[in-house]
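A.B. asks: Structure below; questions to follow.
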Amino acid sequence: MTQSANTARTGGRVNIAFTAAAEQAARRLVERFPFASPLDVARVGAAYALRERLPLTRPGDFGAANGSNYNVGSVDPQGELRDLLLALHPEIDEDPYRIIETLMSVGAIELDKRVAAGQILSLRDLITPPATGRAIPA
Amino acid sequence: MRLVALEVTDFGPYRGTQQFSFASEPGVELVWGENGRGKTSFLNAVRWALFGVVLGRASSKIDLSTVGNRDDTDSSTVRSFKATLTFTHGGHTYKLTRAYREETDWTGAGAFRERKSLVKDGDVLGPEDRDRELANLLPEQIARFFLFDAELLQEYEQLLTPGSDAGEKLKASIERVLGLPILTQARDDVAAHLAIARTEQAKAAQKDKTTLNLGNDLQLASDEAENARKNVATLAELLEDLQNDVNEMEKQLTSSNRFRGLLATRNAKREEVERLAARSKDRNDELDAAAGDVWRVVLAPLVAQELASIETQTDAVNHRLVAALAARQAARAVSTGVCPTCQQAVGADLAQTLHDHGSAEDADTVQAELTTLRARRDVLRKLRADGNRIARLEEDANQARVDLSDAEGQLRDLQAQMDEAPAGTAEAIGALIDTLGQKNVSLANTRRRLKDSREDLQRKDQAVVALSEKLRRLGTASTGAEDRKVKLLVELQALLAAAVAEFRDRLRDRIEDEASKVFRALSAERDYDRLRINDNYGLTILYADGTEVLNRSSGYEHVVALSLIAALQRCSPMAGPIITDSPFGRLDATHKKHVLQALPQITDQVVLLVHDDELDRQSAVNELNTHLVGEHHLRRVSGRHTEIEAGAHP
């Protein structure tokens, strides 16, 4: 890992946000599950995307992350999510919170699709990884 | 008394005028009728003719405006009805008619009234003669020993509870049927004369200077005793009124049992819904609190996988590190010609061999790689997630929601059922329960006051007796005549009190003996030996060794009650027919058989109102044999119309 990569990994982002589509998905998930706010969905979405090994890079149709702004300190108060991300993906050489911003949106949208498809109906379904579960094609 | 015929007109289900002729020979008659045909109404027709009352469940009086036969569904219309009972007694023939009919007064307004008439040997008796004859023939207070049903039999258990109001009334009825009032009335009459005599004694004493003070004291004490007596009488009357009110209210509450049950269930369900709602909220709160950890649980499988991979990588890197460190030592041996470990010289051949096997990997680089792996492992190991707890909390919360939803549905159903009742029913019942509570408090207070007043009266009576006796002992001429009168009445009162006690004791012994004889004939349990009577005429079953049978069955309650009734019939100066409604309901086959065999021995005229399920006809015919003197049946014409017909069911 280079010096510049290390600098990039410590990051300098203060705020992160959902994309517009992800924000709508997050609101639906808050309605459906006992999550207190979209902030919870942000963390769950990122964790879900990691577990489902969704790409860390932004897809072409990702769009602008211009939904409500969340302070990084609110999303990841102790830096736990960031540390886990880096431990899982030591190859990352950019700001981890940019990747978390990507993951929370793609994860929330993916989760929302699976809920709509009736594949995830409860927290139990969500926390139990599917044997062969993979992302639903858009 | 022997019943000859009953004629009913529009009484209960008996539409029009219908005749029933009782058998003229001694024995048992059976009247067969299914439930709802009019067996209780038949008993009530006889009761109405004799006493002017119609009884419903729990011996409550039925409103007369509801008794008349009706052929429509308009319950607001009051109908006339009538019953005429023909019977013989003491060589005379009586025809007693009692009617409930509408009469118009001088203003033309109509009102329903009870009218009765008594014809004796063809002569219509005037009101006074009629009432006197009726009071002597069969006083209402003893009707229970002649006209009864299973519910009335059950009340005899009250005799075993000392001091119970029902038991006291029953005891009074028993003593009445046994003729005790002749003595007790005589005793009470003498007591009244004695009180007058003492007043006269006081007045006479007041006329003499030597006895003036004593006379005044006696006068005052007598006045105080009289006031105390009036107080006791007033309280006794109040107590009876309160007891009647309480009975009436309890009956009203009994009649609203279904609604009250519904109300209680609704209230309990409402509380359950509140409890379940609180539980559901608690479970949701717990789940909400735990939901913040869901992301960790989601990530946990990936972290576990990665940890396993890191462990494998760490092993491999460790091996590489060992090799790199060994290579570094070898290189040093080759370059210095001395082994850095054992300090021995390294020859050219060995140096060549070490050089050939040297590793190209740098130990520091491998060490750094290992450090990175360990750092990642340490981060991943910090993740704490309990998926089972979250799943369990979610299940608990879901279950709590389902339970709440079910209970809310049931509550809505109950509320809908309650809404069908007339408006204000719940409030009326609530008010009735409140009033009943207050009446019960008054009843308890009045009972206590009556007890205190009786004790007060006793003390005051004793004071009067002491003063009167003191005056008599002075033996002054002025009070001489009154003193002698008082002395005579005191002795007469003592004699009558002793006679009452003696008569009671003898009666109790006789009833115990007679009831035991009947009981032995009726009982199917060979170990039950006899009955023991208490001061209230309550009967306890005894084993042969004299120990009590505890917790006897309700079937045996009836056997004991029938034994008592039979004993009373045998010991009473009044003999009469027995008409009983569904008396076999609680008896098993053996006891039914025994009762059938014993009935003809109890009295000359027995009428049993029974239904097929209660009594098998063939068994009844066999057991009664020649004692069966008549059969009748109640034929259904419609739900509101029954005809009395001769013979058993066709």
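A.B. asks: What do you reckon, is B:VAL322 away from chain A (no Cβ under 14 Å) and at pLDDT below 95?
C.D. replies: yes
A.B. asks: Let me ask another. Is there any pair with a first residue in segment B:273-289 that is within 12 Å of chain A (Cβ to nearest Cβ) and a second that is loosely packed, with under 13 Cβ neighbours inside 10 Å whose Cβ atoms are under 8 Å apart and which are 6 or more apart or on different chains, and what are they?
C.D. replies: B:ASP288/A:ALA36
A.B. asks: A follow-up question, please. Specify the residue that is surrounded by the fewest Cβ atoms within 10 Å (Cβ to Cβ); the eligible residues are those in segment B:542-565 that are hydrophobic (A, V, I, L, M, F, W, C) and touching a Ser or Thr at 6+ places or on another chain (Cβ under 8 Å).
C.D. replies: So, considering only residues that are hydrophobic (A, V, I, L, M, F, W, C) and touching a Ser or Thr at 6+ places or on another chain (Cβ under 8 Å), the one surrounded by the fewest Cβ atoms within 10 Å (Cβ to Cβ) is B:VAL549.
A.B. asks: If I ask for residues that are over 60 Å from the mean Cα position of the chain (by Cα), touching a residue at least 40 places away in the same chain (Cβ under 8 Å) and under 30 Å from A:ARG124 (Cβ atoms), which ones from segment B:330-388 would you list?
C.D. replies: Answer for segment B:330-388, where residues must be over 60 Å from the mean Cα position of the chain (by Cα), touching a residue at least 40 places away in the same chain (Cβ under 8 Å) and under 30 Å from A:ARG124 (Cβ atoms): B:ARG376, B:ARG377, B:LEU380, B:ARG381, B:LEU383, B:ARG384.
A.B. asks: Could you check segment A:30-138 for helices (runs of 4 or more DSSP H) lying wholly inside it with 1 or more residues that are away from chain B (no Cβ under 12 Å) and of a type outside the set (Ser, Thr, Tyr)?
C.D. replies: A:38-51, A:72-75, A:96-116
To keep it simple, each residue is scored yes or no on (1) at pLDDT 90 or above; (2) among the small types (Gly, Ala, Ser); (3) surrounded by fewer than 18 Cβ atoms within 10 Å (Cβ to Cβ); (4) not in a helix (DSSP H, G or I).
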position: B:ALA205; (1), (2), (3), (4): no, yes, no, no
position: B:ASP217; (1), (2), (3), (4): yes, no, no, no
position: B:ASN227; (1), (2), (3), (4): yes, no, yes, no
position: B:LYS230; (1), (2), (3), (4): yes, no, yes, no
position: B:LEU253; (1), (2), (3), (4): no, no, yes, no
position: B:PHE259; (1), (2), (3), (4): no, no, no, no
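A.B. asks: List the strands (runs of 3 or more DSSP E) that sit entirely inside segment B:1-42 and contain at least 3 residues that are of a type outside the set (Gly, Ala, Ser) and surrounded by fewer than 22 Cβ atoms within 10 Å (Cβ to Cβ).
C.D. replies: B:2-11, B:14-21
A.B. asks: While we're here: Do any helices (runs of 4 or more DSSP H) entirely within segment B:530-637 hold 1 or more residues that are closer than 29 Å to B:TYR14 by Cα and modelled with pLDDT under 85, and if so, which?
C.D. replies: Passing ranges, in order: B:589-602.
A.B. asks: Pairs under 6 Å by beta carbon, first residue over 27 Å from B:ALA428 (Cβ atoms) and among the charged types (D, E, K, R) in segment B:406-418, partner at pLDDT 95 or above and surrounded by 13 or more Cβ atoms within 10 Å (Cβ to Cβ), six or more apart or different chains?
C.D. replies: That search, which allows pairs on different chains as well, returns B:GLU408/B:VAL273.
A.B. asks: Would you please name the residue that is nearest to B:ARG449 (Cα to Cα), looking only at residues in segment B:232-251 that are aliphatic (A, V, I, L, M) and at pLDDT below 90?
C.D. replies: Result: B:VAL246.
A.B. asks: Hey, can you tell me all the residues within segment B:59-91 that are modelled with pLDDT of 85 or more, in a loop (DSSP other than H, G, I, E, B) and surrounded by 10 or more Cβ atoms within 10 Å (Cβ to Cβ)?
C.D. replies: B:VAL67, B:ASN69, B:ARG79, B:SER80
A.B. asks: Next question, about the same structure. Identify all residues within segment B:451-497 that are in a helix (DSSP H, G or I) and polar (S, T, N, Q); write none if there are none.
C.D. replies: Of everything in segment B:451-497, those that are in a helix (DSSP H, G or I) and polar (S, T, N, Q) turn out to be B:SER453, B:GLN458, B:GLN462, B:SER468, B:SER478, B:THR479, B:GLN493.
A.B. asks: Suppose we keep only residues that are of a type in the set (D, E, K, R) and under 16 Å from the mean Cα position of the chain (by Cα) within segment A:95-133. Which one would you say is nearest to B:ARG384 (Cα to Cα)?
C.D. replies: Per the stated criteria, the residue is A:GLU101.
A.B. asks: Kindly indicate which of B:ALA501, B:ALA521, B:ALA494 is surrounded by 13 or more Cβ atoms within 10 Å (Cβ to Cβ) and among the hydrophobic types (A, V, I, L, M, F, W, C).
C.D. replies: B:ALA521
A.B. asks: Look at B:VAL346 and say whether it is farther than 30 Å from A:VAL30 by Cβ, in contact with a Gly (Cβ under 7 Å, 6 or more places away or on another chain), away from chain A (no Cβ under 14 Å) and crowded, with 16+ Cβ neighbours inside 10 Å.
C.D. replies: For B:VAL346, the condition - farther than 30 Å from A:VAL30 by Cβ, in contact with a Gly (Cβ under 7 Å, 6 or more places away or on another chain), away from chain A (no Cβ under 14 Å) and crowded, with 16+ Cβ neighbours inside 10 Å - is met.
The values are calculated or read from the model by the stated rules, or taken from the named source; none is laboratory data. Just so we're clear, the structure is a prediction, and the values are computed from it rather than from any experiment. For neighbour counting, all protein chains shown are included, and Cβ atoms are generated from backbone atoms with ideal geometry for every residue, glycine included.
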